[in-house]
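Peer 1: Quick one: this structure, given as structure tokens, is what I'll be asking you about.
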Amino acid sequence: MERNLKNVLVISFGFLLLFTAYGGLQNLQSSLHSEEGLGVASLSALYAALILSSMFLPPILIKKLGCKWTIAGSMCCYIAFSLGNFYASWYTLIPTSVILGLGGAPLWSAKCTYLTIASNSYAEKTGKNGKDIINQYFGVFFLIFQSSGIWGNLISSLVFSQASNKAEISEENLACCGAYDCITDTTNTTGSAEPSNSLIYTLLGSYTASGVLAVLLIVIFLDQLKSDQAETEKEILETPTFWSTFLATFQHLKDKRQCLLIPLTMYSGFEQGFLSGDYTKTFVTCALGIHYVGYVMICFSAVNSLASLLFGKISQFTGRKLLFALATVTNTACIIALLLWKPLPKQLAVFFVFSALWGLSDAIWQTQTNGLYGILFEKHKEAAFANYRLWESLGFVIAFGYSTKLQVYIKLYILLSVLVLSMVMYGAVEYLEAKSSPGAPTATQEENAETKKENVETLI
């Protein structure tokens, strides 16, 4: 096997193992650690730390340690989060969440840098186009990586399905499920659906082992960048200093279009935060039991992945406006239906329908919003995507921050309000674009391929 391709596969399977653990654990935080809102508070702290991390840590760590050891070290931050869940408390889970958040940005930056260097190196040897090899290598990476959402959730559901105490959920507890939840401890895990400590430890042990295997895979099998590639690595990392990057990020807000896109970017964090923090707890766990969370999120991940691929291909024919309209209608319909629906165990299929429709609309929000940033701010991509990460992460922080303070129906109204505001502001952006450059082309296939890369980077 060609050496560069081997390294791409090592990184891909390393990330697959790591995010199999992290993805499954993130979806369970609100259900596993519902007391005093510890689970969602940890996620809020995580994304707050990620905002800080993305501002200055990646170039510093990669220059000091190199790509390989930055990847390995950052992966250890994720393992710390898994370990913090063993004895979850405010003194263990919040610090380990912050550690994970600080390691998130360097991990993805080092991965992108390594794959870019490997691509250019192979292109030079073979005389091929560098961009083509980059797209090919990133395509291989995401093909393998995207399945982590399926495996992580499958493991959690299979483990929790072994519970022997799966008693019928009482009518009293069912009355506290859904949009008009009782905001008491009964909504958290509905008592009878709570898994035993032994099952929780089994799951956490599996996730921790998966993270350790990921680190070992990188340390043992990933090649260190050769000396002749070190200069390339140095060039790629010749990024502005922290303060110049920080200033460039906020100076970019002078662009009226960037300001108008803030609600849309934050909505991405709001809607993902609602699904993983509120839908999994007050609908799925409350009415079905925690062992169904994984299955429902597998449905979301599978539809999201397939839809991302589909919309990436068809957007060149439909244009982004039609796709944004489809996502708006789909999300609005879901929000209104969730406000009216009273979840019951016998309505099993409905839980999966909601997650599938949410996955469909999320695929559009992720791919098309990233693509929109790439097209509108082509000359200032670094500052533009820094703003993207900033405002989306802030959306996550706010969504998880108020998760335990408000009833679900209020959160759904907030979500709907932000969605309406986002579309009004987005319409203004399209109007400004049409006014300044009539007949401007929509995203090409290549832009949408790069969109998928940016999408996963913003989700850690």
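Peer 1: Report the calculated FRET efficiency for Val353 and Asn129 (r = Cβ-Cβ distance, R0 = 56 Å), to the nearest 0.05.
Peer 2: Details: r = 44 Å, r/R0 = 0.78.
For Val353 and Asn129, the calculated efficiency is 0.80.
Peer 1: Averaged per residue, what accessible surface does segment 248-436 expose to a 1.4 Å probe, in Å²?
Peer 2: Values: 6930 Å² over 189 residues.
I get 37 Å² per residue for this part.
Peer 1: In nm, to one decimal, how far is the Leu65 label point from the Ile414 one, both placed 7 Å along Cα→Cβ?
Peer 2: 3.4 nm
Peer 1: Quick one: net charge around Ala428, please, counting Lys, Arg +1 and Asp, Glu -1 for every other residue with C-beta under 11 Å from its C-beta.
Peer 2: Net of charged neighbours comes to +1.
Peer 1: Work out which helices of the chain, taken as complete DSSP H runs, extend at least 15 Å along their axis over the Cα atoms and score a mean Kyte-Doolittle of 0.5 or more, then list them.
Peer 2: 3-32, 38-84, 93-126, 130-145, 148-160, 197-221, 293-318, 320-340, 348-376, 408-436
Peer 1: Using the heavy atoms of the protein chains and a 1.4 angstrom probe, tell me the accessible area per residue for segment 52-153 in square angstrom.
Peer 2: Using a 1.4 Å probe on heavy atoms only, each residue of segment 52-153 averages 41 Å².
Peer 1: How high is the relative contact order of segment 1-85, given as a whole-number percent (alpha carbon pairs under 8 Å, six or more residues apart)?
Peer 2: Across segment 1-85, relative contact order equals 28 percent.
Peer 1: Once you have a ≥ b ≥ c as the square roots of the Cα gyration tensor eigenvalues for segment 305-411, tell me rounded if a/c is under 1.5, and otherwise prolate or oblate according to whether a/b is larger than b/c. Let's see the in-between values first.
Peer 2: Working: a/c = 2.78, a/b = 1.42, b/c = 1.95.
Here segment 305-411 falls in the oblate category.
Peer 1: Please give me the summed charge of the neighbours of Ala179: other residues whose Cβ is under 15 Å from its Cβ, Lys and Arg +1, Asp and Glu -1.
Peer 2: +1
Peer 1: Which of the cysteines found in the chain have nothing to pair with, since no other Cys Cβ lies under 4.7 Å from theirs?
Peer 2: Cysteines lacking a close Cβ partner in the chain: Cys67, Cys76, Cys77, Cys112, Cys259, Cys299, Cys334.
Peer 1: Let me ask something else about it. Once you've got the Cα coordinates, tell me which of Lys64/Lys125; Lys63/Lys128; Lys256/Lys381; Lys313/Lys379; Lys63/Lys111; Lys6/Lys125 are over 20 Å apart.
Peer 2: Check vs 20 Å cut-off fails for Lys64/Lys125; Lys63/Lys128; Lys313/Lys379.
Peer 1: Here's a follow-up. Suppose each label sits 7 Å from its Cα in the direction of the beta carbon; what would the Leu253-Glu171 distance come out to in nanometres?
Peer 2: Those two pseudo-labels are separated by 5.4 nm.
Peer 1: A further question on this structure: Hey, what number do you get for the chain at 222 nm if only DSSP H runs of n ≥ 4 count, each worth -39500 (n - 2.57), divided across all residues, to the nearest 500?
Peer 2: Rounded to the nearest 500, the figure is -26500 deg cm²/dmol.
Peer 1: Percent of accessible area on the chain owned by carbon and sulfur, 1.4 Å probe?
Peer 2: 66 percent
Peer 1: Another question, then. What spacing in nm lies between the two simple spin-label points modelled at Glu433 and Arg3, each 7 Å away from Cα in the Cβ direction?
Peer 2: Simple spin-label model gives 4.3 nm for this pair.
The values are calculated or read from the model by the stated rules, or taken from the named source; none is laboratory data. Note that the coordinates shown come from a computational prediction; the quantities given were computed from them, not determined experimentally. Neighbour counts are summed over all protein chains in view; Cβ atoms, including those assigned to glycine, are modelled from backbone coordinates with ideal geometry. To get the accessible areas, we keep the full protein, side chains included, count just its heavy atoms, and leave off ligands, DNA and RNA. Shrake-Rupley method; radii C 1.70, N 1.55, O 1.52, S 1.80 Å.
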